[in-house]
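Below is one structure, written out as structure tokens; the observations come after it.
The values are calculated or read from the model by the stated rules, or taken from the named source; none is laboratory data. Computed from a predicted model, the values in this text were never measured in an experiment. In this analysis, Cβ positions are derived from the backbone assuming ideal geometry, glycine residues included, and neighbour counts consider all displayed protein chains. For accessibility, only protein heavy atoms count, side chains too; no ligands or nucleic acids. Shrake-Rupley method; radii C 1.70, N 1.55, O 1.52, S 1.80 Å.
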Amino acid sequence: MAETVESRLRVPATAKKGEIIDIKTLISHPMVSGQAKDASGKTIPRDIINTFTCTYNGKQVFAMKLEPAISSNPYISFPVRVDASGTFDFQWVDDNGQVYKDSAPITVS
Amino acid sequence: MIPIYIRRRDALVLAGRGTALAVAACLFPQRAWATPADAQAALAALGGGAPQPGKVTIGAPEIAENGNTVPIVIDVDSPMTDASYVKTILVVADGNPLPGVARFDLSPANGRAHVEFRIRLAQTENITAVAVMNDGSKYSATKNIKVTIGGCGG
């Protein structure tokens, strides 16, 4: 599945020191709930993104545990107060242990 | 409440007999739904006492036309300083096959206690958000969301 999973980020390129910015993330993932059955009546195994974390200059600033009730292509948005220029690193992990990573820089003045 | 569940379940069984495709497309076929008691049990896993009402705001449509993707915004009234901040937000739904929805870990680094995400709802049901503060106190809010088409294609 790795080849079809793509993440998209919206992080401001610049911000003032102490400003609270909004980060928006989206990742294309089917989030197979494990509740559906295929045509022969067999349960389709669960495959969801179960963990999302965001670190800012190496320090975790946000984490989310996702359940099958989260929609496919999970969209997650949250605020972060920025005090220094640096990098946001994002990581999504799915039930198969696949890890998807993305990052975005920010310049703080 | 109960007669509605039974009617819906019967309808799903009939749909299952009708076409295999309909079942394959259905996210939540022929499964027992979680109950409000299950949702409470999931919240009890947080430990501590019962949450007090207040401080938490759930933003969601009154009526969700498509249960597959219902936008949810949760705000918690907190200064988000080292002295007082929201540590965890837990969200449960009482009418999905499983009660759990999401858990968020926040810190003073967030500046505001605010999260946005999208969820699946199988039917008209209540969602509850509980915020755990750094001092261990808990606050909650519940919102009923009417679902026109469940996250089930039918």
Amide H contacts under 5 Å for A:ILE70, placed H, 5+ residues apart: B:ARG120
Karplus couplings for segment B:88-96 from phi (6.51 cos²θ - 1.76 cosθ + 1.60, θ = phi - 60°), rounded to Hz, Gly and Pro as x? 9, 10, 10, 10, 10, 10, 9, x, 8
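As an exercise, find the ratio Rg/Rh for the protein assembly as shown from alpha-carbon atoms, using the Kirkwood inverse-distance average for Rh.
Taking Rh as the inverse mean 1/r over Cα pairs, Rg/Rh reads 0.99.
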At a probe size of 1.4 Å, how large is the accessible area of B:SER140, to the nearest 10 Å²? 20 Å²
The ³J(HN,Hα) series, computed from each phi in segment B:136-149 with the Karplus coefficients 6.51, -1.76 and 1.60 at θ = phi - 60°, rounded to the nearest Hz and given as x for glycine or proline, is x, 6, 10, 10, 9, 9, 10, 9, 8, 10, 7, 10, 6, 10
Kirkwood-based Rg over Rh for segment A:1-103 (C-alpha set), two decimals? 1.07
In this structure, the FRET efficiency calculated for A:GLN60 and A:ILE20 from their beta-carbon separation, with R0 = 22 Å, to the nearest 0.05, is 0.80
Computed label-point distance, nm, for sites B:THR142 and B:THR81 using a 7 Å Cα→Cβ extension: 3.4 nm
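Mind checking the mean number of beta-carbon atoms from other chains within 10 Å of the Cβ atoms in B:89-100? Let's see the in-between values first.
Values: counts 1, 1, 3, 2, 2, 0, 0, 5, 5, 6, 2, 6.
The shielding value for this peptide is 3.
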Under 20 Å from the 7 Å Cα→Cβ point of B:GLN40, by amide nitrogen: which residues of segment B:111-154? B:125-132, B:138-145
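Quick check on segment A:58-109: what does the Kirkwood estimate of hydrodynamic radius come out to from the alpha carbon pairs, in Å?
13.1 Å
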